[in-house]
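The next block holds one structure in the form of structure tokens; read it before the comments.
Just so it is clear, none of the values below were taken in a lab; they were calculated from the coordinates. Worth saying up front: this structure is predicted, and the values here are computed from it rather than measured. Glycine gets a Cβ as well: all are built from the backbone with ideal geometry, and neighbour counts include every protein chain shown.
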Amino acid sequence: MRITNDDYTPIELLSELTSRSTSHCAEPEGFFKGEKKKHDWLVDAWASRIDEILNCFKRYGTLVAETQSIRDQGVDVYLEFEAKGKLHRVGFQIKSALEVERDKGFDPKHSLVGALKRQAFEASFSSKFDEWWIVPCFDHIKHVKVIQQINAELIMGSPPINGMQIKLLEPRSAASFLSKNNGAIDALCTRLLCREDEVLQASRSELMKLNDFQRNCVLELIWPALAGEVSVSQRDLFDMVEDLDELADDCYALEASGFLEADDGEGYVVKPYSFPGLCALYFEGRVRHEMSHMDSAEFATRMLEDLG
């Protein structure tokens with residue numbers, strides 16, 4: 001596969017991944033619990049997920065970029081990349097649930113908002129950042145007043161400091177990003193960067209020609225078949241279908257496509273290579289992304305989500 005959408009930068013992919021519509025977190029207000037309340041865990045998790053975004057570019061031979069957990073100069077995680085011939089530098093300052101819980105607001109100089117003001121000043125004059133993101137990783141309902149105060153004192157009507165633009169990420173958006181594992185980030189980034197690629201287009205086209213049951217049947221059976229599990233019984237097919245009256249017609253259609261071949265008993269042999277686009281997408285995960293069989297199957301399935 002190849003990158004066909006050159007307009008995306010790492011920071012634009014991050015914006016897509018922080019969208020609440022892509023969140024894997026059912027209740028974002030309860031996400032930041034246990035170890036996720038700790039600043040060190042959040043910094044490491046944020047940096048590792050940024051690294052996975054950059055890995056998507058590197059796999060396809062583009063972009064020179066780096067990310068670091070520096071934890072000084074007013075910055076926890078530093079991202080640097082080149083876009084349209086210009087170096088772009090982004091700093092992330094992460095605030096944990098433990099930090100906001102310790103902040104009683106008695107002394108403005110030592111409050112969480114006061115610390116952010118000092119860190120913003122330090123970041124703007126110690127290094128040349130184009131953007132400085134405040135990433136609040138705590139319950140947005142319980143601490144709504146803190147978010148409002150940050151917005152009022154650092155964001156609303158505030159001009160760039162020494163050329164540095166300050167941005168505030170919503171806690172729910174931070175939870176959306178951190179709720180994704182590397183496989184989910186890899187699949188979503190690849191789908192956005194390579195959306196016009198021939199392999200992705202071919203695999204999606206193959207599924208679009210099928211009805212819902214046929215599509216689900218193919219996605220259920222093709223990945224195990226590529227790992228050698230090629231036999232499926234009629235009982236297995238019964239368990240997949242809601243309307244038994246239509247099963248015969250659907251099986252006939254899948255036989256006609258070459259995907260199913262009746263065996264000598266009461267079952268079928270799965271012929272995965274009758275869908276070459278799907279096979280190519282699976283092996284994209286196995287070869288280029290160096291994934292296991294299970295991870296590659298999950299990667300390919302994610303790449304095929306949201307079919308019309």
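A cut-off of 5 Å between modelled amide H atoms, ignoring neighbours fewer than 5 places along the same chain, links residue 133 with 91, 92, 93, 167.
Full extension of the chain segment joining residue 269 with residue 170 gains 30.6 nm, where the gain is 0.36 nm per residue of separation less the Cα-Cα distance.
Under a 5 Å amide H cut-off, with hydrogens placed 1.01 Å from N, residue 195 pairs with 4, 5 among residues at least 5 apart or on other chains. Across all directions, the average flat footprint of the convex hull enclosing the Cα atoms of region 126-277 is 15.2 nm². Averaged over residues, the count of other Cβ atoms within 10 Å places the peptides 35-44, 153-162, 260-269 in the sequence 35-44, 260-269, 153-162, highest first. Highest GNM mean-square fluctuation among 218, 146, 287, for the chain modelled with Cα contacts below 10 Å: 287. Hydrophobic long helices, here whole DSSP H runs in the chain with Kyte-Doolittle means of at least -1.0 and Cα atoms spread over 24 Å or more along the helix axis, are found at 39-59.
Gyration tensor analysis over the Cα atoms of region 197-303 returns equivalent ellipsoid semi-axes of 24, 15, 12 Å (largest first, whole Å). Taking a ≥ b ≥ c as the square roots of the eigenvalues of the Cα gyration tensor, region 10-191 is oblate, since a/c reaches 1.5 or more and a/b is not larger than b/c. Report the calculated FRET efficiency for residue 27 and residue 158 (r = Cβ-Cβ distance, R0 = 41 Å), to the nearest 0.05. Approximately 0.80, to the nearest 0.05. Site pair residue 2 and residue 101 shows an inter-label distance of 5.2 nm when each label is modelled 7 Å from Cα along Cα→Cβ. Seen from residue 200, the other residues with C-beta closer than 15 Å to its C-beta sum to a net charge of -1, counting Lys and Arg as +1 and Asp and Glu as -1. Taking amide H as placed 1.01 Å from N in the peptide plane, residue 88 has its amide H under 5 Å from the amide H of 81, 82, 83, each at least 5 places away in sequence or on another chain. For the chain, the relative contact order comes to 19 percent (Cα pairs under 8 Å, sequence separation of at least 6).
Taking the Cα centre of the chain as origin, sum charge times position over the Cβ atoms of Lys and Arg (+1) and Asp and Glu (-1), and report the length of that vector in debye to the nearest 20.
Once rounded to the nearest 20, the dipole reads 2220 debye.
Ranked from largest, the principal axis spans of the Cα set of region 6-65 equal 38, 26, 15 Å. With the gyration tensor restricted to C-alpha atoms of region 119-189, the semi-axes of the equivalent ellipsoid amount to 25, 19, 9 Å, longest first.
Does the chain classify as rounded, prolate or oblate by the C-alpha gyration tensor (a ≥ b ≥ c root eigenvalues; a/c under 1.5 gives rounded; else a/b over b/c gives prolate, otherwise oblate)? Judged from the Cα gyration tensor, the chain comes out prolate (a/c at least 1.5, a/b above b/c).
If the segment from residue 208 to residue 287 were pulled out straight at 0.36 nm per residue, it would be longer than the present Cα-Cα gap by 25.9 nm. Treat each spin label as a single point 7 Å out from the Cα along the C-beta direction, and report the residue 306 to residue 131 distance in nm. Calculated label separation equals 1.9 nm.
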